[in-house]
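Every number here is computed from the coordinates shown, using simple stated rules; none is lab data. In this text the structure is predicted, and so the values were computed from the model without any measurement. Methodologically, a virtual Cβ is constructed for each residue, glycine included, from the backbone with ideal geometry; neighbour enumeration extends over all protein chains shown.
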Amino acid sequence: MEQTEITTPAEQPTPTMSFGTLSSIRKLMDDWHIDPILGLFAPGIGDWVTTILTVPYIITSVFKLKSLSLTLAIIYNVLMDCLWGTIPVAGDFFDFLHRGFKKNCKLVEGFAAKDPTVVNEVKRKSVFFGIMIVILIALIFISVYFVKMFWDYLFDLFQN
């Protein structure tokens with residue numbers, strides 16, 4: 001009789017991205033400045049693309065490192081980048097300075113290495129990150145609304 005191997009949920013593999021992938025994304029977006037360039041030359045679309053590229057960081061923090069506080073810190077950085085990205089041109093300048101991918105990469109690497117400074121700082125600020133995520137989502141919606149109103153005003157102004 002053939003035996004089948006039974007694995008418990010803790011033994012089953014989890015979907016993760018390698019740390020090399022995260023580092024490659026960071027280099028591409030922050031070191032080569034693709035993040036602000038996309039935002040400048042493809043407004044809206046470029047910001048969505050850069051936001052989607054943060055998903056591997058979130059997947060790693062949730063499934064591999066299993067840290068709610070790290071996940072909140074990464075989402076906070078992503079939303080901060082999104083908020084600034086809603087402001088034409090100024091948001092792209094902010095992307096040159098903010099380097100959210102570098103921040104997220106340092107956080108993930110710090111947690112993976114169990115760096116007490118990084119782990120303690122993120123855990124200490126987890127409630128702050130949670131509150132700020134709610135506030136940033138509201139600010140992003142308000143900002144998008146006002147930017148849309150501004151573009152509608154300009155369109156109407158030049159149309160008449």
*Taking neighbour counts of Cβ atoms within 10 Å as a proxy for exposure, in what order, fewest first, do S143, S24, S18 appear?*
S18, S24, S143
*Where nothing but the Cβ of Lys and Arg (+1) and of Asp and Glu (-1) is charged, how large is the charge dipole of region 67-152 around its Cα centre, in debye to the nearest 20?*
320
*Could you list F101, F128, F19 in order of exposure, starting from the residue whose Cβ has the fewest other Cβ atoms within 10 Å?*
F128, F19, F101
_Vicinal HN-Hα couplings computed from phi for region 46-53 (Karplus, 6.51 cos²θ - 1.76 cosθ + 1.60; Hz; Gly/Pro x)_ = x, 5, 5, 4, 5, 5, 4, 6
_Within 10 Å of each candidate Cβ there may be at most 15 other Cβ atoms; applying that plus a DSSP loop requirement, which trypsin sites (Lys or Arg not before Pro) in region 99-160 survive?_
K114, K125
_Residue (of Y57, S23, S126) at the positive-pole extreme of the chain, dipole from beta-carbon charges_ = S126
*So what J values fall out for region 110-125 if you push phi through Karplus, 6.51 cos²θ - 1.76 cosθ + 1.60 with θ = phi - 60°, rounded to Hz, Gly and Pro as x?*
x, 5, 5, 7, 6, 5, x, 5, 5, 4, 5, 5, 5, 5, 5, 9
*Here are some values of semi-axes √(5λ) of the Cα gyration tensor in Å: [x] 26, 18, 16; [y] 36, 18, 16; [z] 33, 21, 10. Which one was computed from this structure?*
[y]
*In whole Hz, with x marking every Gly and Pro, tabulate ³J(HN,Hα) for region 143-154 from phi via Karplus 6.51 cos²θ - 1.76 cosθ + 1.60, θ = phi - 60°.*
4, 4, 4, 5, 5, 4, 4, 4, 5, 5, 4, 4
_Take the residue pairs K64/K148; K66/K102; K27/K148; K64/K123; K123/K148 and return only those whose Cα atoms are more than 29 Å apart._
K64/K148; K27/K148; K123/K148
